[in-house]
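Since the structure comes first, as structure tokens, the remarks are kept for the end.
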Amino acid sequence: MQITFLGTGTSQGIPIIACPCIVCHSKDLKDKRLRSSVLVEENGKTIVIDTGPDFRQQMLREDIKVLDAVVFTHEHKDHTAGFDDIRAFNFINKRKMEVYASARVQEAIRREYPYIFSDFKYPGIPEINLHLLENKLTSIEGVDFLPIEVMHHKLPVFGFRIGGFTYITDANYISDEEKKKIKIQKYWF
Ligand SMILES: [Zn+2]
Ligand SMILES: [Zn+2]
């Protein structure tokens, strides 16, 4: 399995627009951080966790030619605002994008991207197959994703365990029950 951190920045990225602070003016490359997202490559499949506002730039930077699925952690804009750009893969890969999201995130996607779901589709819009993501082991294009439900204040957010790798974003509370999924060495064998 190959993991690529596409972005590890704050919700605004680093540097922040117009920010006068030292970090935002730093020349250190580690202080240039795009919005949070991770690319998972396993068994010939390429899956992205979240499509934030930097999604286009991240796909170009990593020279991704095929994307098999999108998995969402939660609906905040810094994790979903680049979603429209998945249509590039529709055109090139000549198929619909497989999209995995909780019921709540699906509601937000329908609200924010109504044209994707309209009966009279404008040509060139994203084509997707939407799959319900629940808090249970889910095969995403043949790759096992174990959701870990964490809390971001009052908002539930999905982290994921994929094999020996755990990815959690936007969390300030993890219940003991969910923590077990991270600690147990081989959770589902
Ligand atoms: Zn700053
Ligand atoms: Zn968030």
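Some values worked out for this structure:
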item: Packing-based order for 132-142, 14-24, 51-61, using average beta carbon neighbours within 10 Å, highest first; result: 51-61, 132-142, 14-24
item: Residues of the stretch 116-159 with amide N under 19 Å of a point placed 7 Å along Cα→Cβ from Met1; result: 133-150, 158-159
item: Förster-model FRET efficiency, 22 Å R0, Lys121 and Arg56, C-beta, rounded to 0.05; result: 0.55
item: Peptides ranked, highest mean first, by Cβ atoms within 10 Å: ranges 27-34, 5-12; result: 5-12, 27-34
item: Max mean-square fluctuation residue, GNM over the chain, Cα-Cα springs under 10 Å, options Tyr167, Tyr115, Tyr100; result: Tyr115
item: Value in Å of the Kirkwood radius, where the stretch 77-154 supplies the Cα pairs that are averaged; result: 14.0
item: Alpha-carbon centroid distance for the pair the stretch 3-19 / the stretch 23-62, whole angstrom; result: 9
item: Square roots of five times the Cα gyration tensor eigenvalues for the stretch 114-189, Å; result: 31, 17, 9
item: Value at 222 nm in deg cm²/dmol, rounded to 500, when DSSP H runs of n ≥ 4 in the chain each add -39,500 (n - 2.57); result: -5000 deg cm²/dmol
item: Karplus-derived 3J(HN,Hα), 6.51/-1.76/1.60, for each residue of the stretch 87-104, Hz, glycine and proline x; result: 4, 4, 6, 4, 5, 6, 7, 6, 7, 6, 8, 7, 10, 10, 8, 5, 4, 5
item: Förster-model FRET efficiency, 22 Å R0, Tyr113 and Glu134, C-beta, rounded to 0.05; result: 0.50
item: Peptides 35-47, 85-97 ordered by average Cβ neighbours within 10 Å, highest first; result: 35-47, 85-97
item: Violating pairs (Cα-Cα greater than 21 angstrom) within the set Lys94/Lys121; Lys77/Lys179; Lys136/Lys179; Lys30/Lys179; Lys65/Lys121; result: Lys77/Lys179; Lys30/Lys179; Lys65/Lys121
item: Global form of the stretch 32-143, assessed from the alpha-carbon gyration tensor, a/c cut-off 1.5; result: rounded
item: Simple label model, 7 Å out from Cα along Cβ direction - Val66 to Asp144, nm; result: 2.4
item: Overall form of the chain per C-alpha gyration tensor (a/c, 1.5; a/b vs b/c); result: rounded
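Quick note: the coordinates plus some simple rules give every number you see, no bench work behind them. Because the structure is predicted, anything quoted here is derived from the model rather than measured. With ideal geometry, Cβ positions are generated from the backbone for all residues, glycine too; neighbour counts draw on all protein chains shown.
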